[in-house]
1. Looking at the range 159-172, can you tell me whether even one residue there is away from ligand 2 (no atom under 15 Å from the Cβ), closer than 30 Å to LYS276 by Cβ and either in contact with a helix residue (DSSP H, G or I) (Cβ under 8 Å, 6 or more places away or on another chain) or not in a helix (DSSP H, G or I) (or both)?
2. Counting only residues that are within 14 Å of ligand 2 (Cβ to nearest atom) and either assigned to a strand (DSSP E or B) or crowded, with 22+ Cβ neighbours inside 10 Å (or both), how many does the range 69-101 have?
3. Mind telling me which of the residues THR165, THR132, THR120, THR161 ends up being within 16 Å of ligand 1 (Cβ to nearest atom), assigned by the TED database to the domain that holds VAL88 and either surrounded by 14 or more Cβ atoms within 10 Å (Cβ to Cβ) or among the acidic types (Asp, Glu) (or both)?
4. Whether any residue in the range 31-54 is touching a residue at least 40 places away in the same chain (Cβ under 8 Å) and away from ligand 2 (no atom under 16 Å from the Cβ) is what I want to check.
5. State which residue pairs qualify: first residue touching a residue at least 40 places away in the same chain (Cβ under 8 Å) and inside the range 212-235, second residue of a type in the set (Asp, Glu) in any location, beta carbons under 6 Å apart, and separation of 6 or more residues or different chains.
6. Looking at the range 25-68, which of the residues that are of a type in the set (S, T, N, Q) and touching a strand residue (DSSP E or B) at 6+ places or on another chain (Cβ under 9 Å) is nearest to ASP84 (Cα to Cα)?
Amino acid sequence: MTMDIRTVGIVGAGQMGNGIAHVCAAAGLNVRLNDVSADRLNQGMATINGNLARQVSRGSISEDERRAALDRIQPVKTYEGFADCDLVIEAATENEEIKRKILVDLCPLVRPDAILATNTSSISITRLAAATDRPERFIGIHFMNPVPVMQLVELIRGIATEDPTFEAARAFTAKLHKTTTVSEDFPAFIVNRILLPMINEAIYVLYEGVGSVESIDTAMRLGANHPMGPLQLADFIGLDICLSVMQVLHDGLADTKYRPCPLLVKYVEAGWLGRKTKRGFYDYRGENPVPTR
Ligand SMILES: CC(=O)CC(=O)SCCNC(=O)CCNC(=O)[C@H](O)C(C)(C)COP(=O)(O)OP(=O)(O)OC[C@H]1O[C@@H](n2cnc3c(N)ncnc32)[C@H](O)[C@@H]1OP(=O)(O)O
Ligand SMILES: NC(=O)C1=CN([C@@H]2O[C@H](COP(=O)(O)OP(=O)(O)OC[C@H]3O[C@@H](n4cnc5c(N)ncnc54)[C@H](OP(=O)(O)O)[C@@H]3O)[C@@H](O)[C@H]2O)C=CC1
């Protein structure tokens with residue numbers, strides 16, 4: 001019988017973690033949300049509240065539904081708070097060492113039958129599974145940003161992932177009214193294998209002086225009907241994540257076509273990570289975003 005996921009733990013209350021918490025709570029699931037500091041947790045809860053309030057003001061949910069969803073999310077300071085979870089999703093920083101440490105620390109504190117998942121954008125599911133005590137109950141559940149809006153979730157099995165784990169993950173994403181696609185466990189899976197080289201190429205176009213930030217974004221918005229220009233999207237995703245995905249592609253596929261653009265490296269080294277640090281290819285500190293090149 002397929003495991004019924006009712007209580008979900010989430011590690012990381014950043015833009016993805018809080019988005020996943022939002023959609024789970026809105027779908028009636030109980031959520032336990034964890035992050036490294038009380039500050040980060042409070043920021044995550046405030047973002048969820050803001051996004052739910054916007055849904056109320058647009059009439060897509062009622063005030064009672066907003067309050068009920070918020071009440072279903074319990075911030076937890078330690079992994080002991082995950083003791084009653086059926087599923088725990090790791091959605092922390094895109095860094096393999098950090099993710100492995102989280103998984104190692106988590107395992108003794110969650111139920112032996114609980115499923116563990118990662119929202120990684122690019123890292124091998126099989127390698128992350130090997131850091132756990134239950135590779136057969138480990139899977140990639142890759143949400144897209146912004147989670148409350150984007151329809152797709154990629155499911156990625158590691159080499160050891162068993163069928164009941166896959167079926168439980170599929171039933172869970174169906175409860176969230178998302179559409180799933182299945183990807184094999186290759187670097188960056190399907191969406192990011194295609195999307196991130198396009199973004200990296202846009203940064204090369206900027207680096208080589210072919211166009212300005214504004215002309216590149218306008219070209220792709222109006223010339224290819226993309227909802228956001230590639231540099232605007234890079235800032236939205238986070239330049240640290242973009243760089244990390246390109247590094248995983250470059251290392252994992254050993255092809256120079258995936259070489260991260262040196263300008264992307266420079267922005268990340270400067271701490272200009274996009275919207276989350278208020279500066280990236282655009283400066284967000286004023287009323288309207290201003291291109292930084
Ligand atoms: C890196 C990875 O591993 C994988 C990835 O996720 S790659 C990134 C994938 N995402 C994309 O490519 C996003 C591209 N951009 C878009 O689709 C659109 O610009 C967008 C949906 C983000 C915003 O669309 P828009 O029409 O400009 O915005 P707007 O009209 O203000 O909002 C549309 C809806 O989105 C919601 N929304 C917008 N931004 C949001 C956010 N950050 N969080 C939550 N909800 C948001 C709004 O509340 C609104 O909801 P309702 O329809 O229920 O009222
Ligand atoms: N951004 C995107 O568009 C998408 C990202 N993803 C993936 O989702 C994951 C999260 O990304 P995103 O939400 O954007 O990143 P963010 O940087 O917004 O959030 C990551 C959060 O994890 C926290 N964190 C770091 N270490 C730990 C830890 N040991 N325990 C608990 N929390 C921790 C960070 O805290 P602090 O900042 O204090 O270190 C931060 O609050 C990544 O794997 C990313 O690749 C997937 C799809 C889309």
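The values are calculated or read from the model by the stated rules, or taken from the named source; none is laboratory data. Given the structure is predicted, the values throughout are model-derived calculations rather than measurements. Methodologically, a virtual Cβ is constructed for each residue, glycine included, from the backbone with ideal geometry; neighbour enumeration extends over all protein chains shown.
1. We begin by selecting, within the range 159-172, every residue away from ligand 2 (no atom under 15 Å from the Cβ); these are 159-172.
Next cut, closer than 30 Å to LYS276 by Cβ only: 169, 172.
Those still in the list that are either in contact with a helix residue (DSSP H, G or I) (Cβ under 8 Å, 6 or more places away or on another chain) or not in a helix (DSSP H, G or I) (or both) too: none.
No, the conditions are met nowhere in the range 159-172.
2. Residues meeting the conditions: 9.
3. Values: THR165 fails: within 16 Å of ligand 1 (Cβ to nearest atom); THR132 fails: within 16 Å of ligand 1 (Cβ to nearest atom); THR161 fails: within 16 Å of ligand 1 (Cβ to nearest atom).
Only one candidate passes the filter, namely THR120.
4. no
5. Every condition considered, the pairs that remain are LEU231/ASP217; GLN232/ASP217.
6. Here is the first cut: in the range 25-68, the residues of a type in the set (S, T, N, Q) are 30, 34, 37, 42-43, 47, 49, 51, 55, 57, 60, 62.
Adding the requirement that they be touching a strand residue (DSSP E or B) at 6+ places or on another chain (Cβ under 9 Å) leaves 30, 34, 42.
Details: ASN30: 10, ASN34: 14, ASN42: 22 Å.
By that ranking, first place goes to ASN30.
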